[in-house]
1. State, to one decimal in nm, how far the label point of residue 180 lies from the label point of residue 158, with both points 7 Å from Cα in the Cβ direction.
2. Tally Lys and Arg at +1 and Asp and Glu at -1 over the other residues with C-beta under 13 Å from the C-beta of residue 197: what net charge comes out?
3. How would you rank 198-204, 159-165, highest first, on the average number of other Cβ atoms within 10 Å across their residues?
4. Arrange 92, 126 by Cβ neighbour counts within 10 Å, fewest through most, would you?
5. Efficiency by 1/(1 + (r/R0)^6): what FRET value for residue 228 and residue 46, r their Cβ-Cβ distance, R0 = 51 Å, to the nearest 0.05?
6. In whole Å, what is the distance between the alpha-carbon centres of segment 51-100 and segment 118-178?
7. Kindly put 112, 41, 173 in sequence by how many other C-beta atoms sit within 10 Å of each C-beta, fewest to most.
8. Hey, can you rank 178-188, 97-107 by average C-beta count inside 10 Å, highest first?
Amino acid sequence: MPCIRLNRWPATALSFAAMLCAGLLLLAGPAHANDDDDGLRTVTVSGEGTAAARPDMAEVTAGVVDQAESARAAMTAANAQVAALISSLQGFGIADRDIETSRLNLQPVYPRQPRDQNTPPAPVAFRAENSVTVRLRDIDRIGDLLDLMLAGEVNRINGIRFAIAEPAALLDRARREAMADARRRAALYAEEAGAGLGRVLAIQESTALPPRPMMRAAMAAEAAPAIAPGESEVRAVISVTFALR
């Protein structure tokens with residue numbers, strides 16, 4: 001690359017021109033940084049993995065509904081029955097930390113017959129509901145727990161949920177499956193493209209835990225309903241970028 005031609009310039013101008021020529025020559029030379037990454041080919045795939053196990057914990061939501069002529073009477077009766085229920089649960093071996101009030105409700109009850117539209121409605125009674133959620137850490141005792149509840153003051157079981165107390169190990173199994181699935185897919189694409197599968201360049205995880213199975217139970221009867229915990233499943237989804245050789 002030609003430099004600037006100088007004719008009878010002062011020394012300072014000559015020095016500046018020499019520096020300018022050197023800079024232009026440097027810019028015109030080849031770049032060497034990241035030469036290894038030039039032309040790098042990649043493939044990005046998703047991988048999915050699932051793992052399932054039998055639940056080892058159950059949550060039961062149960063309580064009482066009472067109706068009385070006054071709000072105070074209805075709430076007092078409901079609270080007394082729930083207090084008796086909590087005492088029974090403690091005797092069953094349920095820890096205080098596993099008993100939690102989940103619903104407390106009081107509402108008026110109005111007559112069903114038509115009323116004068118010009119007259120404000122007056123309640124004929126009050127209905128109080130008090131429910132607790134009980135966490136059972138020994139799922140094999142679920143039948144005994146329901147028998148205890150239904151033999152006592154409980155007149156409503158709102159639902160039973162099953163879960164895994166410590167899902168970390170199960171989720172790791174799903175992650176390993178997801179990675180193996182991603183590698184299998186990437187190897188297939190690399191083969192079809194006439195390339196070899198290289199190193200992993202990036203991994204991004206998006207993991208979803210599905211809702212736990214739920215069973216709705218009717219109100220108290222002579223015997224507890226049959227219970228089938230089934231299996232709880234976790235799912236891992238990842239995106240992996242591989243280099244191609």
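1. 4.2
2. Neighbour charge sum, excluding residue 197 itself: +4.
3. 159-165, 198-204
4. Final ranking by Cβ density, sparse to dense: 92, 126.
5. Efficiency, from the Cβ-Cβ distance: 0.95.
6. 9
7. Listed from fewest to most nearby Cβ atoms, that is 112, 41, 173.
8. Top to bottom by mean Cβ count within 10 Å: 178-188, 97-107.
Here, each number is a calculation from the coordinates, and none is a lab measurement. Please read these numbers as outputs of a predicted model, since none were measured by experiment. FYI the Cβ positions are ideal-geometry reconstructions off the backbone, even for glycines, and counts take in every protein chain you see.
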